[in-house]
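A short worksheet on the structure shown next.
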Amino acid sequence: VVNANLKVFMNSRDKLSEMPLKSFYRYVLEPEVGFMVNTSFSPGPSAKFVDMPDSTLFTLNMKLPESWLIESVRTPYDLDNIRLEDVVPGTTINAEYELEYLLLEGHCYDA
């Protein structure tokens, strides 16, 4: 481990004629389940995207380990075809996922 202090200054343009990025990622993970004061579950992790282009067609996708099977359970939108110009201004696109199956793999040897 290197003990270094690093500062990065980025001076990007406010508006571009073409999107320089074709994919947008957010890393969201909580290593432990959280609880509220009244012993209910905490709302959980979330990812937020701001200043996205309106006319581009987006897909909300999850990058997961191969052994996880998840499913969106609560969302009013088609997460494979998100066009922000079709969403009512001022609203957010929310999606809630559940882990449906977890495949456990291993080996067993008879001695």
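Go ahead and run the numbers for FRET between Asp86 and Glu32, Cβ-Cβ distance against an R0 of 35 Å, rounding to 0.05. The calculated FRET efficiency here is 0.40. Spin-label pair Arg74-Ala95: with each label point 7 Å from Cα along the Cα-Cβ axis, the two points sit 1.6 nm from one another.
The magnitude of the dipole of the chain, with charges of +1 and -1 set on the Cβ of Lys/Arg and Asp/Glu and taken from the Cα centre, is near 680 debye. Only lysines eight or more places from Lys22 in sequence, or on another chain, were considered; those with a Cα closer than 19 Å are Lys48, Lys63. With a/c under 1.5 counting as rounded, go ahead and sort segment 26-108 into rounded, prolate or oblate using the C-alpha gyration tensor (a ≥ b ≥ c being the square roots of the eigenvalues; past the cut-off, prolate if a/b is larger than b/c, else oblate). Oblate, because a/c is 1.5 or more while a/b does not exceed b/c. A 1.4 Å probe, protein heavy atoms only, puts the accessible area of Met36 near 100 Å².
Loop-located GluC sites (Glu not before Pro) in segment 15-111 (DSSP state not H, G, I, E or B) with no more than 11 neighbouring Cβ atoms inside 10 Å: Glu18, Glu32, Glu66, Glu105. Sparse packing (at most 11 other Cβ atoms within 10 Å of the Cβ) combined with a DSSP loop state is found for the following chymotrypsin sites (Phe, Trp or Tyr not before Pro) in segment 1-74: Phe9, Phe24, Tyr25, Tyr27. Amide H contacts of Ile70 (H built 1.01 Å from N, in plane; Pro and chain starts excluded): Glu100 sit under 5 Å, all sequence-distant by 5 or more or on other chains.
Measuring nothing but protein heavy atoms, the accessible surface of the chain at 1.4 Å probe radius is 53 percent carbon and sulfur.
Enumerate by residue number the trypsin sites (Lys or Arg not before Pro) in segment 1-106 meeting two conditions: DSSP loop (anything except H, G, I, E, B), and at most 15 other Cβ atoms within 10 Å of the site's Cβ. Listed in order of number, the matching sites are Lys7, Arg13, Lys15, Lys22, Arg26, Lys48, Lys63. For segment 80-90, the Karplus equation 6.51 cos²θ - 1.76 cosθ + 1.60, evaluated at θ = phi - 60°, returns couplings of 8, 9, 9, 10, 5, 6, 8, 8, 4, x, x Hz by residue, with Gly and Pro reported as x. Whole-Hz Karplus values for segment 31-47 come out as x, 9, 6, x, 10, 7, 5, 8, 6, 8, 5, 6, x, x, x, 8, 10 Hz, taken residue by residue from phi with 6.51 cos²θ - 1.76 cosθ + 1.60 and θ = phi - 60°; glycine and proline positions read x.
Overall, segment 57-111 carries a charge dipole of about 240 debye about its Cα centre when +1 sits on the Cβ of Lys and Arg and -1 on the Cβ of Asp and Glu, all other atoms neutral.
The values are calculated or read from the model by the stated rules, or taken from the named source; none is laboratory data. Every value quoted in this text rests on a predicted model; they were computed, and no experiment measured them. Cβ coordinates were reconstructed from backbone atoms using ideal geometry, including for glycine residues, and neighbour counts include every protein chain displayed. Ligands, DNA and RNA are excluded from the accessible area calculation, which covers all protein heavy atoms including side chains. Shrake-Rupley method; radii C 1.70, N 1.55, O 1.52, S 1.80 Å.
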